[in-house]
Amino acid sequence: MGYGKPIDYGKIMTMIIVLIGAILFTVSAFVHFVPRLSLIDLYGYMGLFLENMGVSSGAAVFAIGLLITGILHPITMALGFLSVIKLKLTRVAGILGIISCAMAIMAVSALKYRGLGYGVGIWVGLAGAIILIISNYIGKMISAAVSAGPPPPPPGVAPTCPTCGQPLTYVQQYGRWYCQYCRRYT
């Protein structure tokens, strides 16, 4: 397997990390945003919440926060999964996810005086959004560490191939040693 480009482990790790972030963010919609209610449930009960509370300022903030969360959450989910293919979208997805979770926190805190507390779903979504944002940085660090490879030897000293014993050539582009007789990288 000595031919072609070397495997970019940083990119593979970034894709895996992005996928974890996207899955966490998606799962957060189905986990409790407030005690015993998930974001999906809250969509359905929003009208009922507003009717039971009257249209107070707390209910209005709740409705606005939930509406913004409701719009941004599915967009972030879609961008999160699309980011696995197009890694440049991870920052956008992460930022929208953080805004979505911030709006959910604002919505729940507006009704906190009614006995509601923060559910796990908000924190799971926030974790997913943060993972999406930092995934590219982690991947770049892994790529840099892996692609550094061994340093080239001092001039005039070339290691020999462990298979045939012939001198190896250092290929700067790939950061690896190549045997021209065996036609493979070592």
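What follows draws every value from the coordinates through simple rules; no lab data is involved. None of these values were measured; they are calculated from a predicted model. Here Cβ is always computed from backbone atoms with ideal geometry, including for glycine, and neighbour counts include all displayed protein chains.
Here is how the numbers come out for the structure above:
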| read-out | value |
| --- | --- |
| From phi via Karplus (6.51, -1.76, 1.60), per-residue ³J(HN,Hα) for the stretch 66-75 in Hz, x at Gly/Pro | 5, 5, 5, 4, x, 7, 6, 4, x, 5 |
| Relative packing of peptides 29-42, 168-181 - highest average C-beta neighbours within 10 Å first | 29-42, 168-181 |
| Karplus 3J(HN,Hα) series, Hz, for the stretch 83-99 with 6.51 cos²θ - 1.76 cosθ + 1.60 (x for Gly, Pro) | 5, 4, 8, 10, 4, 5, 7, 4, 5, 4, 4, x, 5, 4, x, 5, 4 |
| Interchain or long-range residues, amide H under 5 Å from residue 33's placed H | 38, 39, 121 |
